[in-house]
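*Asks:* Once you've had a glance at the structure underneath, I'll fire off some questions.
The values are calculated or read from the model by the stated rules, or taken from the named source; none is laboratory data. Computed from a predicted model, the values in this text were never measured in an experiment. Cβ sites come from the backbone with ideal geometry, for glycine too, and all protein chains shown count toward neighbours.
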Amino acid sequence: MGRQGGFPEEARETADPTRLTRLSGITSHTAIHYVRAAHPGCFTIDPAQA
């Protein structure tokens, strides 16, 4: 399993990209990507574009 192994699982546990960023050390852009994929209904707009 590569470096990305735990990110999708953690993203399913939390809908908070900030938490994912802090726990995993990934960029906010990457964290938002994983959280949006795991919780598509949580975002009514694209937070990366806001």
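*Asks:* Residue pairs, Cβ under 7 Å, 6 or more apart or interchain, first in segment 32-45 and closer than 15 Å to T18 by Cα, second at pLDDT below 90 and not in a helix (DSSP H, G or I). List them.
*Replies:* Cβ pairs passing all conditions: I32/P47; I32/A48; V35/A15; R36/F43; H39/A15; C42/A15.
*Asks:* Taking helices (runs of 4 or more DSSP H) that do not extend beyond the chain, which have at least 3 residues that are at pLDDT 80 or above and exposed (fewer than 15 other Cβ atoms within 10 Å of the Cβ)? Quick ask: steps written out before the conclusion?
*Replies:* Values: elements: 6-13, 17-24, 28-38.
In the chain, 6-13, 28-38 are the helices (runs of 4 or more DSSP H) which contain 3 or more residues that are at pLDDT 80 or above and exposed (fewer than 15 other Cβ atoms within 10 Å of the Cβ).
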